[in-house]
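Notes for the one structure printed next.
The values are calculated or read from the model by the stated rules, or taken from the named source; none is laboratory data. Remember, it's a predicted structure, so these values are computed and weren't measured experimentally. Glycine also receives a Cβ, built like all others from the backbone with ideal geometry; neighbour counts cover every protein chain displayed.
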Amino acid sequence: MLYKRLPSLFAMLIVAFATTIAAFAAAPGTVPDKETDRVLAPVNLAILIQDDLVSQVGNELNVTRDFIRSLPAGSRVMVGYITTGTLQVRQPFTTDLDQAARSLRTVISSDSASAFNPYVEVVEALRKFESGKGSNVLLLISDGLDTSRGFDSGAAGNTMDLLRAIDHAKKRDVSVYTFYAPSVGLTSRNSLAASYGQSSLNRLANETGGKAFFQGSGFVSFNPYFRRLREALNDQYAKAY
């Protein structure tokens with residue numbers, strides 16, 4: 001009798017096993033994230049946001065908060081705004097990632113908050129990095145345009161303060177990554193101005209070991225930028241170790 005029942009018992013076991021595997025695969029949170037979905041190693045991260053960017057940037061607060069909160073334990077984050085030619089530090093470097101995420105606010109999106117030159121404030125932010133564990137990273141969200149000494153093709157990507165920012169980042173071993181977004185001023189109305197700004201952001205990132213993220217002269221969601229930023233940071237970590 002037992003011999004005759006073995007095939008049916010075996011079939012029942014196969015069905016039960018398949019059902020368990022299917023349930024496990026479908027259960028939310030049971031499938032581990034891909035390595036590119038998270039930053040693998042702690043970082044010292046300063047996030048600088050230009051205050052006169054278009055209002056759509058405010059719609060990206062949640063994805064920016066999510067990125068901060070997803071950083072690995074031991075990471076330190078600073079949040080600052082570039083506004084009216086000054087650096088407003090909303091949150092000094094802290095290991096409290098939730099507190100850093102909550103310090104983000106919507107941009108003013110007005111000419112009254114024009115930075116005139118984002119790179120002076122980049123230099124100021126670079127001075128706030130301290131020696132310690134983890135890689136040093138600065139994320140600049142800006143239109144990249146420096147109009148403090150005029151606006152012409154010869155100055156694009158080659159202004160005095162941009163070169164100072166590159167030099168300071170190298171000396172402090174800080175990789176600068178940039179997200180382009182147009183301001184409510186010139187870069188939202190003039191494609192040539194947008195191109196000049198992107199050229200400057202690209203040079204700042206490339207010469208400091210970071211990367212520049214932009215697509216066209218208009219505004220693009222930060223979601224794909226943060227995904228590529230995670231990949232870049234993990235690649236940087238892999239090369240270092």
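Can you go through Thr208, Thr178, Thr159 and tell me which one is on the phi < 0 side of the Ramachandran plot, out of contact with any strand residue (DSSP E or B) (no Cβ under 6 Å at 6 or more places or on another chain) and crowded, with 20+ Cβ neighbours inside 10 Å? First the steps, then the outcome.
Working: Thr208 fails: out of contact with any strand residue (DSSP E or B) (no Cβ under 6 Å at 6 or more places or on another chain); Thr178 fails: out of contact with any strand residue (DSSP E or B) (no Cβ under 6 Å at 6 or more places or on another chain).
Going through Thr208, Thr178, Thr159 in turn, the sole match is Thr159.
Would you please name the residue that is modelled with the highest pLDDT, looking only at residues in the range 117-141 that are of a type in the set (Ser, Thr, Tyr) and either in a loop (DSSP other than H, G, I, E, B) or in contact with a Phe, Trp or Tyr (Cβ under 8 Å, 6 or more places away or on another chain) (or both)? Ranking the candidates gives Ser135 first.
Every condition in (1) within 12 Å of the chain's Cα centre (by Cα); (2) over 20 Å from Leu61 (Cβ atoms); (3) not in a loop (DSSP other than H, G, I, E, B) holds for Arg230 except the one numbered (2). For Pro72, are the conditions met, namely being under 16 Å from the mean Cα position of the chain (by Cα), surrounded by fewer than 20 Cβ atoms within 10 Å (Cβ to Cβ), over 16 Å from Phe222 (Cα atoms) and not hydroxyl-bearing (Ser, Thr, Tyr)? Taking the combined requirement at face value, the residue satisfies it. Considering only residues in the range 99-149 that are in contact with a Lys or Arg (Cβ under 8 Å, 6 or more places away or on another chain) and among the hydroxyl-bearing types (Ser, Thr, Tyr), the one that is surrounded by the most Cβ atoms within 10 Å (Cβ to Cβ) turns out to be Tyr119.
Could you check the range 162-179 and list, in sequence order, the residues that are without any contact (Cβ under 8 Å) to a residue 40 or more places away in the chain and of a type outside the set (A, V, I, L, M, F, W, C)?
To start, the set of residues in the range 162-179 that are without any contact (Cβ under 8 Å) to a residue 40 or more places away in the chain comprises 163, 167, 170-171, 173, 178.
The answer is Asp167, Lys170, Lys171, Asp173, Thr178.
Exactly one residue among Arg149, Arg164, Arg189 is modelled with pLDDT under 95, under 22 Å from Val120 (Cβ atoms) and among the basic types (Lys, Arg), and that residue is Arg149. On inspection, Ser114 passes the criterion of being at pLDDT below 95 and in contact with a strand residue (DSSP E or B) (Cβ under 8 Å, 6 or more places away or on another chain). The single condition from (1) surrounded by 23 or more Cβ atoms within 10 Å (Cβ to Cβ); (2) touching a residue at least 40 places away in the same chain (Cβ under 8 Å) that Ser221 fails is (1). Of all residues assigned to the range 158-174, none qualifies as being within 20 Å of Ile47 (Cβ to Cβ), part of a loop (DSSP other than H, G, I, E, B), within 18 Å of the chain's Cα centre (by Cα) and not charged (D, E, K, R). Assigned to a loop (DSSP other than H, G, I, E, B), buried (at least 20 other Cβ atoms within 10 Å of the Cβ) and either within 15 Å of the chain's Cα centre (by Cα) or of a type in the set (A, V, I, L, M, F, W, C) (or both) - does that describe any residue in the range 185-205? There is no residue in the range 185-205 that is assigned to a loop (DSSP other than H, G, I, E, B), buried (at least 20 other Cβ atoms within 10 Å of the Cβ) and either within 15 Å of the chain's Cα centre (by Cα) or of a type in the set (A, V, I, L, M, F, W, C) (or both).
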